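Each reported figure results from applying straightforward, stated rules to the coordinates on display, with no laboratory input. Predicted model only: the values in this text are computed from it and were never measured. For neighbour counting, all protein chains shown are included, and Cβ atoms are generated from backbone atoms with ideal geometry for every residue, glycine included.
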Amino acid sequence: MKMKINRVHISDIIDARRMDPIFFRYGTMQFGRYFRLEAISTCIVDIQSGVGAGKKDQADKNNGIIQIRPTNIDRNGMLIFDKNIYVPFDAAMPSLQKDDVLFNNTNSQELVGKTAIYKGDIPYKFSNHITRIRVNKEKIIPEFLWLILNMYQQREIFYAICTNWNNQSGVGTELLKSIKIPLPEMGIQQKLVDIYTAAQNAKLQKDKEAKELLESIDDYLLEALSINPSQEVSSASVFTKKISEMIGNRLDVSFYKDRFDMISGIYPNKRLFSIVDIDPTIRFTGLADDTPISFIPMECIDETFGEVKEQRETTIAKTKGYTKFEENDLLWAKITPCMQNGKSAIARNLTNGVGCGSTEYYVIRPKTDDLIIDYVYLVLRHHAVLKAAQNSFGGSAGQQRVSSQYVKSIVIPHPPIDVQKSIIATVIQKKERAKQLQSEGSKVLEEAKATIEKMILG
């Protein structure tokens, strides 16, 4: 029996004439066991990195064109366009065309090598952190190169061979060109691409269903609370302002056009300050300085589901300068873009029942037993509430926040507790189904990846 090193035969090492451990640690050679290996340079017609664009080189959405950046490529190699940067149409930058493969050449070590494929017709630009590859279509299918590069990325091959500096990592053009990839005949390439594409489409469909389910929560909330929207802003329902509420205050239209309140037709409507404490005093009395507690910075809150996705640990002695909170307190982001992105969650399962985190949280807690924090959370996370709060932002650009006075003045319905419980239960059911759909989609994709790897590696 042949001796193996990480599934690589000794004979393969000899044949490859390459003995450096880091190469074989990541199993690069095993990709050539059943198909010939060829350098990327042999199957492309063009390769070029983009041009960086500082703030002075950027344009707004109406006067520019999208510049693809690393944030536009997700971990599955899909292009996403929810956080775009625009540059002038006539910017002296290379452009994209259909079937260009986009390699993320600079990123954190674990993310370098993310790869997407561009299937559009608009000549988008791309940054210096993206390398554009145009393939020889007589030799390799663009989607196959995209598939292999993503496989290499997920197997940490780029993690192993990249250059590291100043908290960034990179794979330069010459190194990328020299990397060898398996190159089966075109029919097999297409079969592998078809397997992956079918799985990816299935995942996208599951993700779409999950997204629609999550978006339906806002409409359900309006219906359950008997709220009749009078107009729409950014596809979200928004609500009326009573003329009596303006008496003794500002009467100018420009002030009130962006002020909306959730007004129920059947339940009492109350100002938030009258039913919750906002930023209650928390002292952590009785706990020693070395007592471990939860630490929840802003990045630990999942904006899709509005949940704490990770808790870190600190001690009472290290809480100075942070926002303090207790079990079941609502953490509601006050700063842009976290607030409008839905960075809010209920703090639960805290170490020793207490925690601390970002100074950009408002801590919200019900004053009475007839108000459930989960219900308050749902109302304050409604798109219309977030949109109206965004319109109230104050402060300098990039550091704009919702004032505590505005938050206190928000009006929400206060239904009986059994109604609150029913609403909470329905929303939990919708969220759990959305999570299930996302999980099912991810499983289909992972199974396809495993199938493809088995076909390539044997």
Peptides 102-111, 359-368 ordered by average Cβ neighbours within 10 Å, highest first: 102-111, 359-368
Reachable aspartates and glutamates from residue 367, criterion Cα separation under 15 angstrom, eight or more residues apart if same chain: 277, 279, 326, 327, 329
Separation of alpha-carbon centers, region 426-447 and region 147-199, rounded to whole Å: 28 Å
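Past 19 Å, Cα to Cα: identify those pairs from 114/454; 206/421; 206/431; 309/343; 119/435; 137/191, in the order given. The partial results should precede the final answer.
On the way: 114/454 21 Å; 206/421 28 Å; 206/431 14 Å; 309/343 11 Å; 119/435 29 Å; 137/191 16 Å.
Correct reply: 114/454; 206/421; 119/435.
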Given charges at Cβ of Lys, Arg, Asp, Glu: region 122-200 dipole, positive-most of 157, 188, 136: 136
